[in-house]
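Asks: Here it is: the structure, laid out below.
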Amino acid sequence: MGVQEISPILEAIDLHKVFGKKKVLDGVRLNVYPGECLGIFGLRATGKTTLLHMLVGLDRPSAGLVKIMGSDIRKGDRYKALVGLVTQDKSLFQDLTVAENLDFIASLKGAPQGNITSLIAKFYLQDYLQMAVNSVDAGVFQRLALACALLNAPQLLILDEPVKDIDLYSQHLIMRIIQEFLSQGGACIYGFSNMESSQNMHKVGWLDNGRITVYEPAEALQIWDSLLHSYNNIDGEKDE
Amino acid sequence: MRNVMLFVPLLGVLLFAWLYSAQSLNAIPTAIVDLDHSRGSREFADKLTGAEKLNITAYLSTYQELQEAIAGGRIVVGVVIPKNFEQDVALGRQTRVLMIIDGSNMVYATNASAALLEVTRTVSAEAGIRTLVGSGMQLDQAREAYKPIAFREEAWFNPTMNYAYFLVLALILNIWQQCCTLASAMNVIGETGMKSWLQIKASGVSMTRLFISKSMTHIITFMLMVLPLYFLAFRVLKLPLQCNFGVLMFFTLLFVIAIHSVGTLMSSAVSNAVDASRLGMMIALPSFVLSGYTWPIDAMPPLLQSLVWIFPQTWFFQGLNYLTFKNPGGDFMLPFYAGLIVTAAVCYAISIMLQMWREKLQ
Amino acid sequence: MLRQILKLAYYEILHILKDPILCLMVFIAPLAYASLFGAVYVASVLNDIPLAIVNQDNSELSRDVVAAYRNDPHFKIIAEIESYEELEAGMKTGKVRAGVVIPADFSQKLSQNGQTEILTVYDASNLIWGYNIRKNTLEVVNKFSADHTAAQLAGAGLSKHEIQNVMNTIDCNITVWYNPTFSYVNFLFMGLIIMILHQLGILGVALTITREKERNTWLQYLTAAIPAWKITLGKCLPYLVVNFCNYVLLIWLSSQFVHVKIQGSVFLIILLGLLFDLIITFAGFLISVYTPNSLMVTRYIMLLSVPFFMVSGYTWPHTHIPELLNGMARLLPSTWMMEGFRLVTIKNLTMTEVGPIFLIMGLMAFLFTGLSLTFRKQSLPPNTDDLAVNCGSTYPRE
């Protein structure tokens, strides 16, 4: 991949975030290169969503900075055209139809209409176009969410639990499209909380106590398994 | 929520007491244009300075200036003494003094008009007598003809025509009742959020019991809210209170229940707190105008005269005026009590029916 | 790109149409309120004021006094009340609002040059009654005095011409400018209309961003590269149009059905409307951007209606309002709009005379428009106000 000469699409340098007295992020550093999928593993309330929102400019860090394509995201909005976001909490327009969501968000992003048609085909949304978004099931919703994130043909995707608890067909479709995106040079930051899915990623950033430790996926899985094992043992011993 | 309820009506007291601190409409800005510059015209002008409610703020030199001053709102009453005034009067020739009132503000205009009418009567009489004497009539006889029939006037219930007495209490209570309506609109939806609502439901507490205890809390809070307002109004600002304070509190309690019932109805009719507030607001907004507290009900078209009594605010503000200024007695107030009770009964009943109908649908 | 803005506007309209209460507020309520208030004030003048005559004298003179009141269209004599006690009771219960008391020995005392007087009483518990009755009473009294004097002079042998001469030696001609009929509608009505437009106008648009924030869709706007000014224009466009249409509609309604005097330069009226429209729409938009949730917005706007109206000096005049409060009122667009509208339509003033008002409104319009077009696209910190949970439109009942 010739990673040494290529600069990272996203660089997060020493991010800190404090909510009241609580230190949510305590010096987070990470970067992600084209074609790479960086998983952010964090259990509930570890600050995963806060971090992901910070990377896309929705939230401001108490200290530290984020660079996308080499420029500080605090200066100007141009980086937003390069990024697509899928949020954990639903953020599509519930009172509009699937088609209207695509149309409106494409317009917000200044994306050409052609993108809409190709994405509808890619995500197999043809049958759902006239349905109100608050009535489609979770799998279709997530497909739509990712489609909306791809409308502006971004170079960086930030995904927060995109396939959690959805049907297998949609899961598979979404993962396949992400792989396709990566193979075309895009980068992805993928927030997740189920260690089994880490095998799809190139690197895993384990978020714990406000800090990130980056592992190879196999390594991360190993650590996770041994943690599980040790808890089971404790219980086991107690039972005996 | 509590912040809104507690502080806004108190802020209202501060605002309205301050706003109407001038209390009576005296000192109406008046200008005199003396085109004669004679002793006679100056004497005439002095009569105007003596007029109780007028405040001579300017002596202008031309009619044009007066026009501009009135148009610009700096002067409300203008008096133009024409050229040759003194001469004409002395010669018994008719002379015309122009008195102009800016009619665009009725608060000014009615008072200015009254003030001028008093002046003109005296002025006409004196001038007339002089003319009669000048043309040969005996002074006694002349005086006889003009013998003023003394007219005295009494303003009942509010002898000094004190605008603050008239309006401040009502405005304060208007804000308070808007706050109460807003708070009541939360009754069925609840303030504690969906998740805890679901928990309450799951725990099996009777909906009726919950509703009643919440309502009682609301009603008690509203009454506690009004106490400092009444204290400030009657003890500090010394606004009129002819009736017994207990009677007023009783009347207020009935109103609180009625308002609460309207808010409850709003919140049963719609599906979320914002909509309930908006609906509640849309009803509370025109309620003060419709209550006839200012522009009287008697002056409204007959159909509307009946319709306005649908609103509890009408019963309350009408009753408030009677109780605080006139104290007309228990018998007279009975329909007011009844009106509020009936409103409450009807609104609660409809709310309950709506709830039951909803449950049936589910 | 105009396309983006129009699309934003299109979806905003779509949303308004899907929200029944918003539809009500934006399209129907202004007309409904205006009609309601129009009906309230349509009589415009207080006539047929219930008046009681307590005539204890029954002389010809006293009957002349009674006749003077009877012939005045402002009063309506309530015949059932004849004694002073009945008058007191009637005033207390509102059966009558004014009374004339002629004491028993009135004409007798008068002819003997003794002290006697006719007493007029009026209900000042409501100063609308109070002020008007007082003025009307003085008119009756003045006219009666004049007629009485004329009769006396005729009795003394003067001719009609001579009497005229004497009576009009100093003829005080009271003219009322701008509103000669003392119509309450000309005085008050358009102020109420402006307040209605102000409140409903702000309230409609003030929910536009808070709604997105509550539904978590605001981040779609924040993460897209679309500049703030396009969001502003797109979202505000429908409201700008509707608010102006309501302005025109309500003026037409007031003029046609309530017969409010609306004269003056059409150009100035339209310009006032445009400036007002810009001010309230963009003020509402700013409120929406910087307020965390819709419930707060609704509450506070509603509570401010009456105070804004009262401090403006539109009714209780600003010369009788404390200076500091006046100063604060002058910060409000509603104060300027109400005054400006009155000066243009009732007093018929020209641009040179009302220039300052247009200047200030222009500055306010510029300020609000500027602030709205340049708002910072950032998400507010998470809302800890527990009320926020209740505000979604999908929040189910029970």
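The values are calculated or read from the model by the stated rules, or taken from the named source; none is laboratory data. Computed from a predicted structure; not experimentally measured. Positions of Cβ are generated from backbone atoms using ideal geometry, with glycine treated the same way; all protein chains shown enter the neighbour counts.
Asks: Working only within the stretch A:81-112, note down all residues that are free of Cβ contacts under 8 Å to residues at least 24 places away in the same chain and either within 8 Å of A:Val133 (Cβ to Cβ) or assigned to a helix (DSSP H, G or I) (or both).
Replies: A:Glu100, A:Asp103, A:Phe104, A:Ser107, A:Leu108
Asks: Among the residues of the stretch B:327-341, count how many are free of Cβ contacts under 8 Å to residues at least 40 places away in the same chain, surrounded by 15 or more Cβ atoms within 10 Å (Cβ to Cβ) and either of a type in the set (A, V, I, L, M, F, W, C) or assigned to a helix (DSSP H, G or I) (or both).
Replies: Qualifying residue count for the region: 2.
Asks: Which pairs turn up if I take residues in the stretch A:194-208 that are touching a residue at least 60 places away in the same chain (Cβ under 8 Å) and look for partners that are of a type in the set (Gly, Ala, Ser) with beta carbon separation below 6 Å, at least 6 apart in sequence or on another chain?
Replies: Listed by first residue and then by second, the contacts come to A:Ser198/A:Gly39; A:Ser198/A:Ala220; A:Met201/A:Gly39; A:Val204/A:Gly39; A:Val204/A:Ser198; A:Val204/A:Ala220; A:Leu207/A:Gly42.
Asks: Out of B:Arg130, B:Arg96, which single residue is basic (Lys, Arg) and farther than 26 Å from B:Ala69 by Cβ?
Replies: B:Arg130
Asks: For the condition small (Gly, Ala, Ser) and surrounded by 14 or more Cβ atoms within 10 Å (Cβ to Cβ), what is the one hit in A:Gly39, A:Gly20, A:Gly70?
Replies: On inspection, the qualifying residue turns out to be A:Gly39.
Asks: Residues C:Ile28, C:Ile16, C:Ile78: which one is under 28 Å from C:Asn126 (Cβ atoms) and at pLDDT 90 or above? Steps first, please.
Replies: Values: C:Ile28 fails: under 28 Å from C:Asn126 (Cβ atoms); C:Ile16 fails: under 28 Å from C:Asn126 (Cβ atoms).
Being under 28 Å from C:Asn126 (Cβ atoms) and at pLDDT 90 or above holds for just one of C:Ile28, C:Ile16, C:Ile78, which is C:Ile78.
Asks: Limited to the stretch B:237-248, what total is found for residues that are part of a helix (DSSP H, G or I) and free of Cβ contacts under 8 Å to residues at least 12 places away in the same chain?
Replies: Looking only at that region, the number is 1.
Asks: Looking at C:Ile118, C:Ile102, C:Ile174, can you tell me which residue is facing chain B (nearest Cβ under 9 Å), out of contact with any Phe, Trp or Tyr (no Cβ under 9 Å at 6 or more places or on another chain) and at pLDDT 85 or above?
Replies: C:Ile174
Asks: Something else now. Here are some residues: B:Thr324, B:Thr294. Which one is β-branched (Val, Ile, Thr) and either surrounded by fewer than 21 Cβ atoms within 10 Å (Cβ to Cβ) or not in a helix (DSSP H, G or I) (or both)?
Replies: Among B:Thr324, B:Thr294, only B:Thr294 is β-branched (Val, Ile, Thr) and either surrounded by fewer than 21 Cβ atoms within 10 Å (Cβ to Cβ) or not in a helix (DSSP H, G or I) (or both).
Asks: Given the conditions (1) touching a residue at least 24 places away in the same chain (Cβ under 8 Å); (2) crowded, with 21+ Cβ neighbours inside 10 Å; (3) closer than 25 Å to A:Pro34 by Cα, which single one is not true for A:Asn115?
Replies: It is condition (2) that A:Asn115 fails.
Asks: Taking helices (runs of 4 or more DSSP H) that do not extend beyond the stretch C:282-368, which have at least 2 residues that are within 14 Å of another protein chain (Cβ to nearest Cβ) and farther than 30 Å from B:Leu279 by Cα?
Replies: C:323-329, C:333-345
Asks: Taking the residues in the stretch A:6-43 that are within 22 Å of A:Asn194 (Cα to Cα) and of a type in the set (A, V, I, L, M) as candidates, determine which candidate is modelled with the lowest pLDDT.
Replies: By that ranking, first place goes to A:Leu43.
Asks: I've got another one for you. Consider the stretch A:86-133. How many of its residues are more than 14 Å from chain C (Cβ to nearest Cβ) and closer than 19 Å to C:Lys230 by Cα?
Replies: Count: 0.
Asks: List pairs: first residue in the stretch C:142-163 and facing another protein chain (nearest Cβ under 7 Å), second residue surrounded by 14 or more Cβ atoms within 10 Å (Cβ to Cβ) anywhere in the structure, Cβ distance under 6 angstrom, at least six positions apart or on different chains.
Replies: The qualifying pairs are C:Asn142/B:Leu117; C:Asn142/B:Arg121; C:Thr149/B:Ala145; C:Thr149/B:Tyr146; C:Gln152/B:Ala145; C:Leu153/B:Ala145; C:Leu153/C:Ile163.
Asks: Name every residue in the stretch C:335-354 that is of a type outside the set (Phe, Trp, Tyr) and closer than 15 Å to C:Gly273 by Cα, in order of residue number.
Replies: C:Thr335, C:Met337, C:Met338, C:Glu339, C:Gly340, C:Arg342, C:Leu343, C:Val344, C:Thr345, C:Met351, C:Val354
Asks: Residues to consider are A:Arg44, A:Arg60; find the one that is surrounded by fewer than 22 Cβ atoms within 10 Å (Cβ to Cβ) and in contact (Cβ under 8 Å) with a residue 60 or more places away in the chain.
Replies: One residue alone meets the criteria, A:Arg44.
Asks: Go through (1) at pLDDT below 95; (2) out of contact with any strand residue (DSSP E or B) (no Cβ under 9 Å at 6 or more places or on another chain); (3) of a type in the set (Val, Ile, Thr) one by one and return the number of the condition A:Thr46 breaks.
Replies: Condition not satisfied by A:Thr46: (2).
Asks: Quick check, is B:Phe288 buried (at least 22 other Cβ atoms within 10 Å of the Cβ), more than 14 Å from chain C (Cβ to nearest Cβ) and within 18 Å of B:Ala170 (Cβ to Cβ)?
Replies: no
Asks: Would you point out the residue of the stretch C:203-247, among those that are within 13 Å of chain A (Cβ to nearest Cβ) and touching an Asp or Glu at 6+ places or on another chain (Cβ under 6 Å), that is surrounded by the most Cβ atoms within 10 Å (Cβ to Cβ)? Explain how you work it out, then say what you get.
Replies: Applying the first criterion (within 13 Å of chain A (Cβ to nearest Cβ)) to the stretch C:203-247 yields C:211-231, C:234-235.
Keeping just the survivors that are touching an Asp or Glu at 6+ places or on another chain (Cβ under 6 Å) gives C:216, C:218, C:225, C:235.
Values: C:Asn216: 15, C:Trp218: 21, C:Ala225: 17, C:Lys235: 24.
By that ranking, first place goes to C:Lys235.
Asks: Still on this structure, I have one more. Looking at the stretch A:74-94, which of the residues that are more than 18 Å from the chain's Cα centre (by Cα) and crowded, with 17+ Cβ neighbours inside 10 Å is farthest from A:Gln155 (Cα to Cα)? Quick ask: steps written out before the conclusion?
Replies: In the first step, residues of the stretch A:74-94 are kept if they are more than 18 Å from the chain's Cα centre (by Cα); the result is A:74-78, A:93-94.
When the remaining residues are screened for being crowded, with 17+ Cβ neighbours inside 10 Å, the result is A:93-94.
Values: A:Phe93: 24, A:Gln94: 27 Å.
The qualifying residue farthest from A:Gln155 (Cα to Cα) is A:Gln94.
Asks: Please go through the stretch B:89-135 and pick out each residue that is more than 7 Å from chain C (Cβ to nearest Cβ), touching a residue at least 12 places away in the same chain (Cβ under 8 Å) and of a type in the set (Val, Ile, Thr).
Replies: Those that are more than 7 Å from chain C (Cβ to nearest Cβ), touching a residue at least 12 places away in the same chain (Cβ under 8 Å) and of a type in the set (Val, Ile, Thr): B:Val119, B:Thr122, B:Ile129.
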